[in-house]
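Here is the structure we will look at.
The values are calculated or read from the model by the stated rules, or taken from the named source; none is laboratory data. What you see is a predicted model; the values in this text were computed from it and never measured. FYI the Cβ positions are ideal-geometry reconstructions off the backbone, even for glycines, and counts take in every protein chain you see.
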């Protein structure tokens, strides 16, 4: 599935999501499409984020009354987030380029170009990119505060602390955005276990 097909599929599915009264009002007041060109982002400051890989926000949570957030994420080899859960959102991944291994609920799953995976809310998950650069669409529904989480991460990266954050600081940062930090990243060995 190419990017255009994916965007058409997501646009069709967003209309089927239930809306709060505030979201209904937001949707009713929107009369213009949201257009984001190649290499463009809808992050608050208009810049792509590096946390540690490049992220472009294609649909902000506020664009659709809180129902959906979509990010385009470029990953360097062997990169991925620590184990975590989303308290109130399902996270969806679509692999545009590369090969990723996901751990969801303690089980490893290999997902390649054109494949997708949903990590249900409150289920621990993490992933790792393979040996080559990779690109994902990442969606969260409802949108929660995903883009704000990454925007704060990018600000912290631009102005790093002289010492790495403690586990307690990581737990507090994640919790601020309704994400529970468990910690620990997948390794190259985990990737190999799932792909052999």
(request) Of all residues in segment 87-114, count the ones that are touching a residue at least 40 places away in the same chain (Cβ under 8 Å) and in a strand (DSSP E or B). (result) 13
(request) Report yes if residue 67 is surrounded by 14 or more Cβ atoms within 10 Å (Cβ to Cβ), at pLDDT 55 or above, in a loop (DSSP other than H, G, I, E, B) and in contact with a helix residue (DSSP H, G or I) (Cβ under 8 Å, 6 or more places away or on another chain), otherwise no. (result) yes
(message) Take the conditions more than 26 Å from residue 69 (Cβ to Cβ), surrounded by 19 or more Cβ atoms within 10 Å (Cβ to Cβ) and touching a residue at least 24 places away in the same chain (Cβ under 8 Å) and apply them to residue 191. Does it pass?
(response) yes
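Evaluate the following for residue 85: is it touching a strand residue (DSSP E or B) at 6+ places or on another chain (Cβ under 6 Å) and modelled with pLDDT of 60 or more?
Details: touching a strand residue (DSSP E or B) at 6+ places or on another chain (Cβ under 6 Å): yes; modelled with pLDDT of 60 or more: yes.
Considered against the rule, which asks whether it is touching a strand residue (DSSP E or B) at 6+ places or on another chain (Cβ under 6 Å) and modelled with pLDDT of 60 or more, residue 85 comes out as yes.
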(message) Tell me yes or no: at least one residue of segment 155-171 is without any contact (Cβ under 8 Å) to a residue 40 or more places away in the chain and buried (at least 17 other Cβ atoms within 10 Å of the Cβ).
(response) no
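Within segment 51-59, is there a residue that is modelled with pLDDT of 85 or more, under 16 Å from residue 154 (Cα atoms) and crowded, with 18+ Cβ neighbours inside 10 Å?
Here is the first cut: in segment 51-59, the ones modelled with pLDDT of 85 or more are 56-59.
Now narrow it down to the ones that are under 16 Å from residue 154 (Cα atoms): 56-57.
Those still in the list that are crowded, with 18+ Cβ neighbours inside 10 Å too: 56-57.
Checked segment 51-59: at least one residue is modelled with pLDDT of 85 or more, under 16 Å from residue 154 (Cα atoms) and crowded, with 18+ Cβ neighbours inside 10 Å.
Out of curiosity, is residue 112 surrounded by fewer than 19 Cβ atoms within 10 Å (Cβ to Cβ) and touching a strand residue (DSSP E or B) at 6+ places or on another chain (Cβ under 6 Å)? Let's see the steps before the verdict.
Numbers: surrounded by fewer than 19 Cβ atoms within 10 Å (Cβ to Cβ): yes; touching a strand residue (DSSP E or B) at 6+ places or on another chain (Cβ under 6 Å): yes.
It is true that residue 112 is surrounded by fewer than 19 Cβ atoms within 10 Å (Cβ to Cβ) and touching a strand residue (DSSP E or B) at 6+ places or on another chain (Cβ under 6 Å).
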(request) Scan segment 24-42 and give yes if some residue there is closer than 30 Å to residue 171 by Cα and either at pLDDT 60 or above or under 13 Å from the mean Cα position of the chain (by Cα) (or both), otherwise no. (result) yes
(request) Select, from 103, 148, the only residue that is in contact with a helix residue (DSSP H, G or I) (Cβ under 9 Å, 6 or more places away or on another chain), surrounded by 12 or more Cβ atoms within 10 Å (Cβ to Cβ) and at pLDDT below 95. (result) 148
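Looking only at segment 115-140, which residues are part of a loop (DSSP other than H, G, I, E, B) and either without any contact (Cβ under 8 Å) to a residue 40 or more places away in the chain or closer than 23 Å to residue 173 by Cα (or both)?
Result: 115, 120, 121, 122, 123, 124.
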(message) So residue 177 ticks every box in (1) modelled with pLDDT under 95; (2) touching a strand residue (DSSP E or B) at 6+ places or on another chain (Cβ under 8 Å); (3) surrounded by 14 or more Cβ atoms within 10 Å (Cβ to Cβ) but one. Which box is left unticked?
(response) (2)
(request) Would you mind telling me which numbered condition in (1) farther than 20 Å from residue 69 by Cα; (2) surrounded by fewer than 19 Cβ atoms within 10 Å (Cβ to Cβ); (3) in contact with a helix residue (DSSP H, G or I) (Cβ under 8 Å, 6 or more places away or on another chain) residue 128 fails? (result) (2)
